[in-house]
Number of protein chains: 2
Amino acid sequence: MTSDVLSTEAPEAQAETDGRHVRGDRTRQALLEAAFSEIYEQGFRSARLNEIVARAGCTKGSLYHHFPDKHALGLAAADEFIGAYIREVWIEPLGEAADPLAAIRAIIERHAEGGVGVDPRFGCPYQNLSQELSGIDAGFQEIFTGLFERWRNAVADALTRGQTAGAVRRDIDPQCVATLIVASHQGVVSMIKATQDLDVGHAAATAFFGYLESLRP
Amino acid sequence: MTSDVLSTEAPEAQAETDGRHVRGDRTRQALLEAAFSEIYEQGFRSARLNEIVARAGCTKGSLYHHFPDKHALGLAAADEFIGAYIREVWIEPLGEAADPLAAIRAIIERHAEGGVGVDPRFGCPYQNLSQELSGIDAGFQEIFTGLFERWRNAVADALTRGQTAGAVRRDIDPQCVATLIVASHQGVVSMIKATQDLDVGHAAATAFFGYLESLRP
DNA sequence: TCAAACATACCAACCGGTCGGTTTGTTTAA
DNA sequence: TTAAACAAACCGACCGGTTGGTATGTTTGA
């Protein structure tokens, strides 16, 4: 794992077995982490189970003891790690923000500094997986829709609170603007990946910050 | 091909062989079209050569007569069809526009009406391929960078002309704003695909049109 | 006639998944 | 205390099917 924010630093001894079978839980967690990074880099369909078990330091037998098949492994990994990423990087910082526009700007700047564990070379994990599997796989589809809903609502709620606090223009629709903000961010990250050029991100960020300012009263 | 704009309606008798070998050119074109739609729907790595030759109505022998390998076929298909899409939908309409902001709005609305051959179920071809292969494959990388450069410059040039014509604010950087516009559009299309929900596009479009208005003097 | 164009049969490599068997750790009972 | 009994965890060889690519022969058109 290159990321710190994308890893689940669970105390590893609070599983359903109540502290027993610690070894099994460790293996399961290692498989999830290995699966996530392999899927993050290669995509789900190109992710190799042999590579995953090699990274996790176990074998096919272990994998199929903990998960019924590749699909279930991918679902579990995506749900856990991508959900954690959106929660820690977007939802939590926005939940406490008095000035939502400044908070959003700070999140973008944190991305530009590389402080969120998103490798420009591989792009955004949410983006990668949803692009590959949306419209094809119902299970992943459900995860993406749910994550996006929580993500957009967090931004929209922050904007609404900003409106009542007088920090955001009252004549804009928070839901619409939140959708555009999330989509734009996704688009910029994907553009950086497409061009492999960080300057694209800086240029887009300059214009994006101008847009944020235009939302002030 | 579901699209009309994505097809190259070349008169098919102006190839390098100067009118001779018409049959061979037709097969080559059929292979390119089949390869593009298969890659568009499945991604490059998951695209099956057997499926491509079946759609093109020929066999492996023909394919490997015209192209050295799968990679070269994919490069040729991507360069031709995605380049044509960006040219016809973005560059040409912007080249003649007196009011660039209105032209950009019209392009977005044309997308929303489904008039550009981009199936929401499969997303934007440029987006799909660049997400899958950027940072991994140097050949495709080169194509994506070049296409993006022409795309962004077309928008930036239109904005600059709009500035001199008094239709666009003079205190914005056309290059930065153009980058954000292209990236946002990409992000919205990808969000529609991720959620499989056209309402997301409508919400984002509403806010996006507001942003465009904020660019007027 | 001859080369371009195309078809058919085929191969080696790979991948997801299976299966019989082994190791490790916990529970039970004398 | 300890050893038998049991179950969870793990191993790695193996299988059926698929895929990109090749070898070889046939057709077509100038």
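The values are calculated or read from the model by the stated rules, or taken from the named source; none is laboratory data. Treat the numbers as computed from the prediction; the structure is a model and nothing was measured. Glycine gets a Cβ as well: all are built from the backbone with ideal geometry, and neighbour counts include every protein chain shown. When the accessible area is computed, the model is the full protein with side chains, heavy atoms only, and any ligands, DNA or RNA have been set aside. Shrake-Rupley method; radii C 1.70, N 1.55, O 1.52, S 1.80 Å.
Might you check whether a residue that is touching a Phe, Trp or Tyr at 6+ places or on another chain (Cβ under 9 Å) and assigned to a helix (DSSP H, G or I) occurs anywhere in segment A:161-174? Within segment A:161-174 (the criterion being touching a Phe, Trp or Tyr at 6+ places or on another chain (Cβ under 9 Å) and assigned to a helix (DSSP H, G or I)), the answer is no, since none of the residues qualifies. Just so you know, in segment B:45-58 the residues that are closer than 14 Å to B:Gln29 by Cα and not aliphatic (A, V, I, L, M) include one that is least open to solvent (accessible area, probe 1.4 Å), and it is B:Cys58. Residue count for segment A:170-217 under the criterion of being at the interface with chain B (Cβ under 10 Å from one of its Cβ atoms) and of a type in the set (Lys, Arg): the result is 1. Would it be correct to say that B:Ala207 is in contact with a Leu (Cβ under 9 Å, 6 or more places away or on another chain) and buried (at least 23 other Cβ atoms within 10 Å of the Cβ)? Considered against the rule, which asks whether it is in contact with a Leu (Cβ under 9 Å, 6 or more places away or on another chain) and buried (at least 23 other Cβ atoms within 10 Å of the Cβ), B:Ala207 comes out as yes.
B:Gln131 falls short on exactly one of the conditions (1) modelled with pLDDT under 95; (2) surrounded by fewer than 16 Cβ atoms within 10 Å (Cβ to Cβ), and that condition is (2). For the criterion of being away from DNA strand C (no atom under 14 Å from the Cβ), away from chain B (no Cβ under 14 Å), at pLDDT 95 or above and open to solvent by 50 Å² or more (accessible area, probe 1.4 Å), A:Glu9 fails.
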